[in-house]
Amino acid sequence: MSNINKLKILNDPIYGFISITNTLIYDLIQHPYFQRLRRISQMGMSYLVYPGAHHTRFHHALGCMHVMQKAVQVLKFKGVEISEEEERALCIAILLHDIGHGPFSHAMEHSIVEDVSHEKISLLFMDRLNEEFGGQLSLAIKVFKGEYHRKFMLQLISSQLDMDRMDYLKRDSFYSGVAEGNINSERLIQMMNVNNDVLVIEEKGIYSVEKFLVARRLMYWQAYLHKTSVAAELILTRILKRAKELTQSGITLPCSNPLQYFLRNRISLEDFNNDVLGTFARLDDFDIISAIKEWQFNDDFVLAELSRMIINRDLLKIRLHAEKPDKVVLAQMKAEVSKLFGISEKEADYFVFKGKIKNQAYNKSGEPIHILRKDGVVEDVADASDQLNLKALSKPVTKYYMCFPKQLLEKALI
């Protein structure tokens, strides 16, 4: 294929046209590792709440690359020197930042593999691709790991105002229909600058930053931490936990070979050689959904009942509280579920459980969002803002949840 055929324009419902401006990026997008992201949903189980939320990680990664291109253009226009090689590295790093996500994004992170985060798997994929592409990703990996001497470049990829957040808020708001999450990413990007190697927002962009932080908070409560989405993700995690438990006790469950492999084996970061990575790359949402469709008819009551809940959207009840749930009430509920379903108390743990969710729109103890005053002074946005609510947005809000079967409500036990 001639190089000219690799300079493509893609149509995107958020930004209009997205340009693929260089042949290496085209080849990375064409790679099976990246094409797999077409089969990984961006918002996990949120489509059970917002029927439109069926967009994918593939979509999001391309959007991130597009906003990175725009940010680089703005910074260059303002006199920040960014070489062609650095620009390409930034675009590659943001394009591949989510390549390590497993099926249904976050829901699978600790159930298929043993406590290996998607960021670590993303790095493994990047290293593997770097070998395949003869070291052409070395600078992108250096930037991604924060090892490059120009600090602001990492901030464009991973910070409290990075290109990842810039795309997902706008995109997730569009597809879910949660209008409160819509942000003015164009204006935010136009207001960007670099001061002493730090990414800053010029003073006149402060209101756009405030709107961005408020939108992020609202998106978390209304979409990402919506109680029904949370319940569905927790059930999905428990389905895989149960499937793993049964498989490791010698029962063979019908599912795809890659999923079978991860159910049979305990895989930690140390185990991730090229073969394991290749098997992981064959896993996507379709493996999980087709398995769950089969498992709803399994002889094991726990696996079948939890699988049926997801397939038919007949989920566990979830209640949110400001205080931690009462242990005595929880124990009574477990005993009742065990009697109700004719299962052991240990198996009842799959149906009655507690936990907590936390929402913090702006982390003041982390690296701040810097505002560049007209007089050249750089301040934390929470101090520069005349909005008292930014101080409030910096405080983490914790809610406690309790999940239990709906039958307990019918029996008036709750």
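The values are calculated or read from the model by the stated rules, or taken from the named source; none is laboratory data. This one's a predicted model, so the numbers in the text were calculated from it and none came from an experiment. Backbone-built Cβ (ideal geometry, glycine too); neighbour counts: all protein chains shown. In case anyone asks, the SASA skips ligands and DNA or RNA and just uses the protein heavy atoms, side chains included. Shrake-Rupley method; radii C 1.70, N 1.55, O 1.52, S 1.80 Å.
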Looking at the structure I just gave you, is Glu86 in a loop (DSSP other than H, G, I, E, B) and modelled with pLDDT of 95 or more?
no
Find all pairs meeting these conditions: Cβ atoms under 9 angstrom apart; at least six residues apart or on different chains; first residue within segment 104-129 and open to solvent by 10 Å² or more (accessible area, probe 1.4 Å) and in a helix (DSSP H, G or I); second residue of a type in the set (D, E, K, R) and at pLDDT below 75.
His118/Glu109
Looking at (1) modelled with pLDDT under 95; (2) over 30 Å from Lys120 (Cα atoms); (3) part of a helix (DSSP H, G or I), which is the one condition that is false for Glu323?
(3)
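Can we say Ile99 is more than 27 Å from Arg238 (Cβ to Cβ), among the β-branched types (Val, Ile, Thr) and open to solvent by less than 20 Å² (accessible area, probe 1.4 Å)? Walk me through how you get there before you give the answer.
Numbers: more than 27 Å from Arg238 (Cβ to Cβ): no; among the β-branched types (Val, Ile, Thr): yes; open to solvent by less than 20 Å² (accessible area, probe 1.4 Å): yes.
Criteria not met by Ile99.
Which ones in segment 221-239 are acidic (Asp, Glu) and either free of Cβ contacts under 8 Å to residues at least 12 places away in the same chain or assigned to a loop (DSSP other than H, G, I, E, B) (or both)?
Step one: filter segment 221-239 for residues acidic (Asp, Glu), giving 233.
Across segment 221-239, there are no qualifying residues.
Please verify whether Val74 is in a loop (DSSP other than H, G, I, E, B), within 19 Å of Asp162 (Cα to Cα) and either basic (Lys, Arg) or over 26 Å from the mean Cα position of the chain (by Cα) (or both), treating the condition exactly as stated. Can you show your working first?
Details: in a loop (DSSP other than H, G, I, E, B): no; within 19 Å of Asp162 (Cα to Cα): yes; either basic (Lys, Arg) or over 26 Å from the mean Cα position of the chain (by Cα) (or both): yes.
For Val74, the condition - in a loop (DSSP other than H, G, I, E, B), within 19 Å of Asp162 (Cα to Cα) and either basic (Lys, Arg) or over 26 Å from the mean Cα position of the chain (by Cα) (or both) - is not met.
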Quick check on segment 308-327. Is at least one of its residues among the small types (Gly, Ala, Ser) and closer than 15 Å to Gln407 by Cα?
no
Exactly one of Leu37, Leu75 is at pLDDT 95 or above, hydrophobic (A, V, I, L, M, F, W, C) and closer than 19 Å to Ile289 by Cβ, and that residue is Leu37
Having 1 or more residues that are touching a Cys at 6+ places or on another chain (Cβ under 8 Å) is the bar; report the helices (runs of 4 or more DSSP H) wholly within segment 240-301 that clear it.
257-264, 285-295
